[in-house]
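S.K.: Dropping a structure here in structure tokens format, bear with me for questions.
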Amino acid sequence: MAVIRDVMAGFQLFQPTSVGDAQKLLEQHGSDALVLAGGLDSFDWLKDRIKKPKAVVDLSGIDELRGIRTTADGIEIGSMTTLTEVVQHPVIQEKYAVLAQAAELVASPQIRNQGTLGGNISQDARCWYYRAGWPCYRASGNICYADTPVGRNREHAILHADRCVAVNPSDTAPALISLDAKCVVHTPNGEQVVDAEDYFLGPDIDITRMNILRPGHLLTTIRIPSTWANAEFYFEKVRDRNVWDFPLMNVASALKTSGDTIQSIRIAINAAAARPLRLKAVEDFARGKPRNSETGEMSGKIATQGAIPLQFNAYKIPLMRNLVKRAISGVPEAKWA
Ligand SMILES: Cc1cc2nc3c(=O)[nH]c(=O)nc-3n(C[C@H](O)[C@H](O)[C@H](O)COP(=O)(O)OP(=O)(O)OC[C@H]3O[C@@H](n4cnc5c(N)ncnc54)[C@H](O)[C@@H]3O)c2cc1C
Ligand code: SF4
């Protein structure tokens with residue numbers, strides 16, 4: 001838990017009602033501003049007195065950032081659309097069910113009613129030390145408190161660590177990557193559209209950010225193309241408790257098969273590294289193979305190549321291997337094998 005040191009720092013609260021006004025405020029206040037979506041992550045930082053922005057730009061009054069629209073090639077989801085709306089939307093349930101399944105497993109109903117899709121994929125690293133305000137690498141210090149023989153690192157990374165071993169805990173992120181979603185970001189230089197897998201950053205690129213957003217940037221929309229509509233989906237999340245809990249790891253996949261043969265596939269995993277990982281080597285291996293437990297077994301082995309456990313998270317290697325195996329084989333009987 002964070003140490004409460006003083007009263008909550010004051011800030012100017014702005015409540016724009018259009019994207020244009022929000023953009024102007026964010027540009028004007030630059031790194032002094034904090035974007036507020038549902039507040040489930042943001043309020044923790046403010047109440048724990050760890051982040052002390054001078055300005056808070058609340059997006060809740062911007063109607064154009066809400067809602068789910070069908071387009072000529074799929075759907076568009078406004079970044080301020082709640083997770084509950086994502087779960088309950090008939091088109092998402094019917095065609096992009098992996099996203100509905102992932103969103104439905106986030107936290108609790110109350111959190112899903114308030115938390116937004118944009119906020120869920122933009123949430124900060126979930127590491128006890130960092131969130132308690134310890135001056136670690138991610139907080140611009142020169143030590144990692146989690147990566148020590150006695151550090152609390154049971155939930156931390158087994159892949160692609162670089163000084164920081166924290167993970168990205170979003171449940172919806174791997175589902176969006178499996179659907180080949182795009183993130184639309186408004187920047188002072190115009191609109192930027194990036195593949196969901198490129199929205200996230202590892203510590204090797206920038207240890208202080210979890211995603212590509214910079215001061216002045218606003219995530220407006222998540223686009224899902226129709227390419228993977230009605231594919232064979234798999235989502236599984238493993239957590240300590242089956243309610244209210246972050247993933248120890250999760251996996252999302254979309255497959256198209258012909259007979260037993262996997263014709264095309266996208267698969268992503270989260271909470272294994274600081275960013276959700278698209279498992280391209282697994283995709284390359286599984287394409288053209290039968291969808292069975294042998295292919296799943298080998299896929300799990302490929303996925304975990306190079307994994308390095310910390311003191312208390314070695315269990316994540318077999319966990320990841322089995323999640324990938326089950327996502328590929330899709331055989332219910334194999335679920336707990
Ligand atoms: C008790 C608890 C349990 C949880 N369990 C889970 C879980 O099991 N799985 C899971 O995936 N998540 C879980 N979460 C995380 C929660 O789902 C996210 O914190 C939440 O979705 C964040 O969404 P929000 O709308 O509240 O965003 P906020 O907290 O308001 O914002 C999160 C971050 O994103 C930035 N941001 C948000 N929207 C935008 C935008 N449009 N443009 C630019 N920046 C933006 C904010 O500045 C902030 O840095 C849990 C949270 C809590 C408190
Ligand atoms: S894992 Fe990352 S966030 Fe946690 S203490 Fe280490 S550097 Fe900081």
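Taken together, the values in this text are just the output of simple stated rules run on the coordinates, not laboratory data. Keep in mind the model is a prediction, meaning the values are calculated, not measured. Cβ coordinates were reconstructed from backbone atoms using ideal geometry, including for glycine residues, and neighbour counts include every protein chain displayed.
S.K.: About the Cα centre of segment 4-155, how large is the charge dipole given +1 on each Lys and Arg Cβ and -1 on each Asp and Glu Cβ? Please answer in debye to the nearest 20.
M.R.: Roughly 600 debye, rounded to the nearest 20.
S.K.: Relative contact order of the chain: what whole-number percent is it, with Cα pairs under 8 angstrom and at least 6 residues apart?
M.R.: Once normalised by length, the contact order is 17 percent.
S.K.: Along Cα→Cβ, 7 Å out, is where each label goes; now give me the distance between the ones at Gln12 and Thr261 in nm to one decimal.
M.R.: Spacing of the two 7 Å Cα→Cβ label points: 6.4 nm.
S.K.: Then there is this: Compactness ratio of segment 139-184: Cα Rg over 2.2 N^0.38 Å, N = residue count?
M.R.: Computed over Cα atoms of segment 139-184, the ratio equals 1.50.
S.K.: Within segment 22-109, what percent of beta bridges assigned by DSSP are antiparallel, to the nearest 5?
M.R.: Of those bridges, close to 50 percent are antiparallel.
S.K.: Could you sort out which of Lys52/Lys316; Lys95/Lys237; Lys95/Lys316; Lys52/Lys280 sit more than 29 Å apart by Cα distance in this structure?
M.R.: Beyond 29 Å: Lys52/Lys316; Lys95/Lys316; Lys52/Lys280.
S.K.: What ranking of Leu59, Leu105 emerges when the number of other C-beta atoms within 10 Å of each C-beta is taken as an exposure proxy, fewest first?
M.R.: Arranged by neighbour count, lowest to highest, Leu59, Leu105 become Leu105, Leu59.
S.K.: Then there is this: Roughly what would the spin-label model give for Asn292 and Arg163, points 7 Å off Cα along C-beta, in nm?
M.R.: About 4.9 nm separates the two model spin labels.
S.K.: Another question about this same structure. Using Cα centres only, tell me the gap between segment 55-104 and segment 178-237 in whole Å.
M.R.: Result: 14 Å between the Cα centres.
S.K.: Just to verify a number: FRET efficiency for Asn230 and Tyr315, C-beta to C-beta distance, R0 = 30 Å, to 0.05?
M.R.: The formula returns an efficiency of 0.30 here.
S.K.: Here's a follow-up. Where in the chain are the DSSP H helices whose alpha-carbon span along the long axis reaches 18 Å or more and whose Kyte-Doolittle mean is at least 0.0?
M.R.: The qualifying helices are 316-329.
S.K.: Rounded to the nearest 500 deg cm²/dmol, what is the calculated helix-only ellipticity per residue at 222 nm for the chain, with -39500 (n - 2.57) per DSSP H run of length n ≥ 4?
M.R.: -7500 deg cm²/dmol
S.K.: If you average the alpha carbon positions of segment 157-175 and of segment 250-327, how far apart do those two centres end up, in angstrom?
M.R.: One Cα centre to the other: 15 Å.
S.K.: Measure off 7 Å from each Cα along the Cα-to-Cβ vector at Thr208 and Ile308, then give the distance between these two points in nanometres to one decimal.
M.R.: The two pseudo-label positions are separated by 2.5 nm.
S.K.: Right, another one. How do 304-313, 176-185 rank on mean C-beta neighbours within 10 Å, highest first?
M.R.: Result, highest mean Cβ count within 10 Å first: 176-185, 304-313.
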